[in-house]
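The structure under discussion appears below in the form of structure tokens.
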Amino acid sequence: MPATDTVVILDFGSQYTQLIARRVREAGVYSEIHPCTVTAKDVAALGPKAIILSGGPSSVTDADAPPFDPAVFDLGLPTLCICYGMQLLAHTRPGGAVAASTDREYGRAELTILAEVPLFAGLPRDGAHTVWMSHGDKVTAPPAGYVVAARTKNVDIAALANVEARVYALQFHPEVAHTEDGERILHNFLFAVAGLTPGWSMAGFVETELAALREKVGEDEVVCALSGGVDSTVVAVMLHKAIGRKLHCIFVDNGLLRLGEGEEVAAYLREHFDLNLHYIDAARLFLDRLAGVTDPEVKRKIIGTTFIEVFEAEAAKLPKVKYLAQGTLYPDVIESVSFKGPSAVIKSHHNVGGLPEHMQLALIEPLRELFKDEVRKLAVELGMPDFIIWRHPFPGPGRAIRIIGEVTEERLEILRRTDKIVQNELVASGWYRKVWQGFAVLLPLKTVGVMGDGRTYENVAAIRVVDSLDAMTADWSRLPSELLASMSNRIINEVKGVNRVVFDVSSKPPSTIEWE
Ligand code: XMP
């Protein structure tokens, strides 16, 4: 935890918990999410200046409701209880009561403010405020010492306030964009109620992180796997700034990268930094091992284990290396279904999964406190160019999982050229930055066509372009038909071996973003 005012968010499983953390950070205050299983003593030991209890899908009256230590309310810290958090407050404080509501309420509601409290300072009083609700239970009696600060048509007690204790509760979600004045309410909590000082900024983060990295590494050396994606490149640049040539970057070219991808990033890093870059051309090895393989999971496993083997062999040549640096992000670290215990989620980074156990190196994860959009801000702070910062995500197994069926050099070349056109067209039309990800897929399927006067019998390529916030869910991007026409025309005319192009109109779920 950095030496700046910090807010601890206790997670009761709400889909919005991460959003709360981001909103707090956007206000310039550092925030951390912890599972609701932590005790009041644990929370106190973290030294926060304020606490936020998240919402959650459970009912406080359920036998298997998430565990919670009500002594959190006795810590004397400014506390904001959102949705489920509000019900917990009413359920655990004397005098309060919660009842299961017959009419569950989702979506928009009109809030009327009933009390002049610091949390609602500066909110217009003429008429109702639109807020976003998502709850089943309702608070039916305020705990002793609390006033009812707002209501909606369906909910008589939509906000509770204990001004003296600096504890507030909201039945609605101030963190979602649909709640008018949500930002104002959160700012009021952070600054007017809790009196926090904003101390979280990217420049500050870089300064403290660089010092911490230098201190941690000391005279040892660090190795990192550079993939060409934004996360691993930011990790490399950060560490290079901190420890210079004591960082070794290993770039494994598996022959499955996007056209120009590896070379571009390597060239940039070479040009701008005196980086210890170990470039390993292992394309032949990967392709040989993929020969004849069609099962997607087998492909992924072969690529994963071959990567580890190549990386390890190179790292073994570096005896002074004690650390492995990884681009793990904050969402990978948070236990999203917190109350089910740590075994439920913590994900390992899927490109380099397995490396730490194999190599017995201690981990360095400079991005583990950051969200994806914060990594991009960090990249800007570090002076990195747009072409790296805004690059679409590219999976570790690369084009192997975008060639359905066997991966051969010929098919890799067809996909490479098709994908290049999709990328070029997205960039030229200004759509590249608007979508989450766009790429081509080569199908194991030939169809009949006609070119000039002759019959053709060639491959089908699919175009996959999706909108998403976090890759957990996604929808196909509504690209203009002229753009699709131009992609299709160019692919069929310029790529020998493709005579038909289709556009993927599936959402995730039930489909996934990648085809394999
Ligand atoms: P799916 O296909 O699961 O993809 O909807 C979600 C996101 O993850 C990317 N992806 C991967 N990234 N290694 C990675 O680094 C992988 O093995 C991998 N598989 C999928 C995918 O491109 C999308 O952004």
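Relative to one another, the C-alpha centroids of region 397-433 and region 226-290 are positioned 20 Å apart. A Cα-only calculation for region 202-389 places Rg and Dmax at 16.7, 52 Å. Which FRET efficiency, nearest 0.05, do Glu413 and Ser506 yield, Cβ-Cβ r, R0 30 Å? E(calc), rounded to 0.05, equals 0.65. Accessible area per residue was computed with a 1.4 Å probe on protein heavy atoms; Phe120 scores about 0 Å².
For the cross-link pairs Lys377/Lys420; Lys216/Lys301; Lys216/Lys508; Lys49/Lys372; Lys41/Lys138, the ones whose C-alpha atoms lie over 31 Å apart are Lys216/Lys301; Lys216/Lys508.
Across region 321-329, rounded Karplus estimates of 3J(HN,Hα) from the backbone phi angles (6.51 cos²θ - 1.76 cosθ + 1.60, θ = phi - 60°) give 6, 10, 10, 10, 8, 10, x, 4, 9 Hz, Gly and Pro being marked x.
Model label points for Lys317 and Lys216, set 7 angstrom from Cα along the Cα-to-Cβ axis, are 2.7 nm apart. Once both labels are positioned 7 Å from their Cα atoms along Cα-to-Cβ, the gap between Thr294 and Gln15 label points is 3.8 nm. What accessible area per residue comes out for region 402-503, rounded to a whole number of Å², with a 1.4 Å probe? Value for region 402-503: 50 Å² per residue.
Determine, at each q value in 0.11, 0.18, 0.19, 0.20 (inverse angstroms), the log₁₀ of I(q)/I(0) that the Debye formula gives when each Cα of region 6-193 is one equal point scatterer. Evaluating at q = 0.11, 0.18, 0.19, 0.20 Å⁻¹ gives log10 I(q)/I(0) of -0.41, -1.22, -1.40, -1.60. Database remark: amide H of Phe251 closer than 5 angstrom to the amide H of Leu226, His278, Tyr279, Ile280 (H placed geometrically; neighbours at sequence offset of 5 or more, or on other chains; Pro and chain starts carry no H). The Cα center of region 1-48 and the Cα center of region 441-516 differ in position by 43 Å.
Shape analysis of region 419-458 based on the Cα gyration tensor places the equivalent ellipsoid semi-axes at 29, 13, 6 Å, largest first.
Less than 5 angstrom separates the built amide H of Leu111 from those of His129, Thr130, Val131, all sequence-distant by 5 or more or on a different chain. A quarter of the convex hull surface defined by the alpha-carbon atoms of the chain gives 27.2 nm² as the mean projection. A cut-off of 5 Å between modelled amide H atoms, ignoring neighbours fewer than 5 places along the same chain, links Cys36 with Asp11, Phe339. The distance linking region 72-106 with region 136-154 is 9 Å (Cα centroid to Cα centroid, whole angstrom).
Counting only residues at least eight positions apart within a chain, or on another chain, the lysines with an alpha carbon under 19 Å from that of Lys446 are Lys496. Relative to the 2.2 N^0.38 Å rule of thumb, region 138-242 has a C-alpha radius of gyration ratio of 1.74. Dipole magnitude for the chain: computed about the Cα centre from +1 point charges on Lys and Arg Cβ and -1 point charges on Asp and Glu Cβ, it is near 540 debye. Taking only the Cα atoms of region 402-503, the ratio Rg/Rh comes out at 0.99, with Rh defined as the Kirkwood radius.
The values are calculated or read from the model by the stated rules, or taken from the named source; none is laboratory data. This is a predicted model, so every value here is computed, not measured. Backbone-built Cβ (ideal geometry, glycine too); neighbour counts: all protein chains shown. Each accessible area value is taken on the protein alone, full model and side chains, heavy atoms only, with ligands, DNA and RNA left out. Shrake-Rupley method; radii C 1.70, N 1.55, O 1.52, S 1.80 Å.
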